[in-house]
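Visitor: One structure, pasted below without further comment.
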Amino acid sequence: MGVDFCPASDQTVPMSFWICATCAVEHAEKTDVCAICEDERQWVPAHGQVWTSLPELAAAGTAVVVTELEPDLYGLTARPPVGIGQQAKLVRTSAGNLLWDPLGYLDDDGVARVRELGGAAYIVASHPHMFGVQVEWSRALGGVPVLVAEADLGWVARPDPVIQTWSDDVEILPGITLSQPGGHFPGSAVAHWAAGAEGRGVLLAGDTLHANPDRTSVSFMRSYPNRIPLSAAVAERIAAHVSRWSFDRLYNNFDGVVPADARAAVQRSAARHAAWARGDFDHLT
Ligand SMILES: [Zn+2]
Ligand SMILES: [Zn+2]
């Protein structure tokens, strides 16, 4: 009689971390419910918390797809989508690249493509919904720093020495500056890329200011899926904050974009948001 060394079917390969199937944020340990999804800004599926893993997502055929959005700016998506389904951005500069709003998934081909494009000098999420598997991306790209807004550090579910905190304004690479208008989360951030849009400037806005489908306006919300608005004062504060930057184009954390005149679009959008929140248009309801 031989000895069957095959693992029994109820055994699983030990996982180094888990991924919430709803938000795709990495967790060092499984919890009863993902704290990010339990929060009023997100949601837990009706059938309860679901955890997944990189091997499980890979076995389901998930792949990272990289597309050029404009010169030196690439969008990364997981197909089929993972979690919230964001489009990560890779901004290239001669001094190194920024990986922004990292996906909640990675694979060898996706990592190889990012390395071909110059890798990443920094990994930064605009806010905790976009943490994805940021530590895993860092490991795959050589242990590069993962910057997390000091105000939102409590949402990190997979602590790691690669994580560093930041606040205020930080020019992380020549011509790429991070700042925190807040709003959606206290540390909700934007990245200003001066060389983007043929030198007219780009704002990577996550959903700190969310580019709308009309491509001419943005929204300011505490929760997008649960439709919780921010106040008039906060919308105006966010618009005033980003008016420090010169930019013509604004990208959100999906495939949404305000392709031109975005700086003015932000100011118009904040004024409209404030007017509706104040009740100026109640006669239309
Ligand atoms: Zn979650
Ligand atoms: Zn969000």
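The values are calculated or read from the model by the stated rules, or taken from the named source; none is laboratory data. Just so you know, these numbers come straight off a predicted model, no measurement behind them. Cβ placement follows ideal geometry from the backbone for every residue including glycine, while neighbour counts extend to all protein chains displayed.
Visitor: Restricting attention to region 16-39, report how many residues are surrounded by fewer than 16 Cβ atoms within 10 Å (Cβ to Cβ) and either touching a Lys or Arg at 6+ places or on another chain (Cβ under 8 Å) or over 27 Å from LEU230 (Cβ atoms) (or both).
Guide: 6
Visitor: What number of residues within region 40-89 satisfy the criterion of being crowded, with 18+ Cβ neighbours inside 10 Å and in contact with a Gly (Cβ under 8 Å, 6 or more places away or on another chain)?
Guide: Residues flagged as crowded, with 18+ Cβ neighbours inside 10 Å and in contact with a Gly (Cβ under 8 Å, 6 or more places away or on another chain) within region 40-89 amount to 14.
Visitor: Then there's this: What are the residues in region 229-264 that are under 23 Å from TYR74 (Cα atoms) and hydrophobic (A, V, I, L, M, F, W, C), if any?
Guide: Listed by number, the residues that qualify are VAL242, TRP245, PHE247, LEU250, PHE254, VAL257, VAL258, ALA260, ALA262.
Visitor: For region 199-212, check the following and say yes or no: at least one residue is over 20 Å from the mean Cα position of the chain (by Cα), within 30 Å of ALA95 (Cβ to Cβ) and at pLDDT 95 or above.
Guide: yes
Visitor: Would you mention how many residues in region 196-237 are within 16 Å of ligand 1 (Cβ to nearest atom) and either under 18 Å from ASP261 (Cα atoms) or surrounded by 24 or more Cβ atoms within 10 Å (Cβ to Cβ) (or both)?
Guide: Adding up the residues that qualify gives 1.
Visitor: Going through GLY196, GLY154 one at a time, which residue ends up being more than 15 Å from the chain's Cα centre (by Cα), at pLDDT 95 or above and either of a type in the set (D, E, K, R) or farther than 30 Å from VAL33 by Cβ (or both)?
Guide: Result: GLY196 is the single residue among GLY196, GLY154 that is more than 15 Å from the chain's Cα centre (by Cα), at pLDDT 95 or above and either of a type in the set (D, E, K, R) or farther than 30 Å from VAL33 by Cβ (or both).
Visitor: In region 113-183, which strands (runs of 3 or more DSSP E) lie fully inside it and hold 1 or more residues that are in contact (Cβ under 8 Å) with a residue 12 or more places away in the chain, more than 17 Å from GLU26 (Cα to Cα) and polar (S, T, N, Q)?
Guide: 163-166, 176-179
Visitor: Is one or more of the residues making up region 92-105 farther than 14 Å from PHE254 by Cβ, touching a helix residue (DSSP H, G or I) at 6+ places or on another chain (Cβ under 9 Å) and either assigned to a strand (DSSP E or B) or away from ligand 1 (no atom under 16 Å from the Cβ) (or both)?
Guide: For region 92-105, residues farther than 14 Å from PHE254 by Cβ, touching a helix residue (DSSP H, G or I) at 6+ places or on another chain (Cβ under 9 Å) and either assigned to a strand (DSSP E or B) or away from ligand 1 (no atom under 16 Å from the Cβ) (or both): present.
Visitor: I would also like to ask the following. Filter region 236-262 for residues that are among the aromatic types (Phe, Trp, Tyr) and touching a strand residue (DSSP E or B) at 6+ places or on another chain (Cβ under 8 Å) and give the result.
Guide: Within region 236-262, TRP245, PHE247, TYR251 meet the criteria.
Visitor: Same structure again: Since VAL66 meets every condition but one in (1) at pLDDT below 95; (2) under 20 Å from the mean Cα position of the chain (by Cα), which condition does it not meet?
Guide: For VAL66, the failing item is (1).
Visitor: Shifting gears a bit: If GLY85 satisfies all but one of (1) within 16 Å of ligand 1 (Cβ to nearest atom); (2) closer than 21 Å to ALA28 by Cβ; (3) of a type in the set (Gly, Ala, Ser), what's the number of the condition it fails?
Guide: Of everything listed in (1) within 16 Å of ligand 1 (Cβ to nearest atom); (2) closer than 21 Å to ALA28 by Cβ; (3) of a type in the set (Gly, Ala, Ser), GLY85 misses just condition (2).
Results for (1) surrounded by fewer than 20 Cβ atoms within 10 Å (Cβ to Cβ); (2) without any contact (Cβ under 8 Å) to a residue 24 or more places away in the chain, shown as yes or no for each residue.
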residue	(1), (2)
SER246	yes, no
GLN267	yes, no
ALA270	no, no
ALA277	yes, no
ASP282	yes, yes
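Conditions (1) in contact with a strand residue (DSSP E or B) (Cβ under 9 Å, 6 or more places away or on another chain); (2) among the acidic types (Asp, Glu); (3) at pLDDT below 95, marked per residue:
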position: GLY75; (1), (2), (3): yes, no, no
position: VAL91; (1), (2), (3): yes, no, no
position: LEU103; (1), (2), (3): yes, no, no
position: VAL114; (1), (2), (3): yes, no, no
position: LEU117; (1), (2), (3): yes, no, no
position: ALA120; (1), (2), (3): yes, no, no
position: GLY142; (1), (2), (3): no, no, no
position: GLU150; (1), (2), (3): yes, yes, no
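Visitor: Specify which of the listed residues (THR216, THR208) is in contact with a helix residue (DSSP H, G or I) (Cβ under 8 Å, 6 or more places away or on another chain) and over 24 Å from PHE131 (Cα atoms).
Guide: THR216
Visitor: Residues being more than 7 Å from ligand 1 (Cβ to nearest atom) and either closer than 14 Å to VAL156 by Cβ or modelled with pLDDT under 95 (or both): count how many of those fall in region 19-38.
Guide: The number of residues fulfilling the criteria is 6.
Visitor: Test ASP10 against the stated conditions and say whether it is charged (D, E, K, R) and modelled with pLDDT under 95.
Guide: So ASP10 fits the description; yes.
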